[in-house]
Amino acid sequence: MMKIKKLVDRTLVLYLIIGVLNFIVCTGLMFFLFNVCGFSEHISPLVNYGLGSLIWYLSCRYVLFPAHRTTLRQLFRFVLEVIVCYLLSYYVAAPLLSGVLLRSQGVRSFFSFGGDSADMISGNCEMTIGAIVYALLNYFGQRYFVFSDRFEHAKKSGEA
């Protein structure tokens, strides 16, 4: 129970608020680029996460885990964490899970909002799964890998 209480705090609430807004804007842009502009299912998420990562970094740096100055080590960890989360989300989890989910006609129907071609349905499904997995991995990566020293500092100060 104590571990759950440590995870559910002010930081998580702010993360969820900022995350929902970031998700709506950036994921909306990703689906627009894929379904309307004809970008590939690999380029659309790159644009999404390029913009989303900038928003996340600024949010984490100034809102979620504020503290002392930014270090080169922290910037390196941020870039590394984003790349690892992206690769795991879009090149491991999304293809595996979408392969299973798309066996269902209902799921295929749901993801046909961009068109009924197999590539559009598969792309929409993979991008959705990738976005969800990325959001989950990213929260824990930002909190415990990139900004862990800021979080510990905030906890000791009674802010978290």
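The values are calculated or read from the model by the stated rules, or taken from the named source; none is laboratory data. Since the model is a prediction, treat every value here as computed from it, not as a measurement. Cβ: placed from backbone, ideal geometry, glycine included. Neighbour counts: every protein chain shown. These accessible areas exclude ligands, DNA and RNA; they are computed on the full protein's heavy atoms, side chains included. Shrake-Rupley method; radii C 1.70, N 1.55, O 1.52, S 1.80 Å.
What the table below lists for this structure:
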quantity	calculated
With all protein chains modelled, accessible area of F34 [1.4 Å, Å²]	20
Of every Cα-Cα pair in the chain, the percent that sits beyond 22 Å	46
Residue among Q74, Q142, Q105 with the largest mean-square fluctuation in a Gaussian network model of the chain, springs linking Cα atoms under 10 Å	Q105
Dipole magnitude of the chain about its Cα centre (Cβ charges: Lys, Arg +1; Asp, Glu -1), debye to nearest 20	800
V79 paired with L136, simple spin-label distance in nm, labels 7 Å along Cα-to-beta-carbon	2.9
Under DSSP loop assignment and at most 13 Cβ neighbours within 10 Å, longest trypsin sites (Lys or Arg not before Pro)-free interval of the chain	1-68
Rough spin-label spacing in nm, given labels placed 7 Å along Cα→Cβ, for V25 and S148	3.0
For the chain, with +1 on Lys and Arg beta carbons and -1 on Asp and Glu, the positive-most of L136, T71, L54 along the dipole	T71
Efficiency of FRET between R10 and F110 - r from beta-carbon atoms, R0 45 angstrom, step 0.05	0.80
Of the DSSP H helices in the chain, those whose Cα atoms cover at least 15 Å axially and whose Kyte score averages 0.5 or more	10-35, 43-59, 72-88, 118-141
Sequence-separation-based contact order of the chain, relative, with Cα cut under 8 Å and 6+ spacing, percent	28
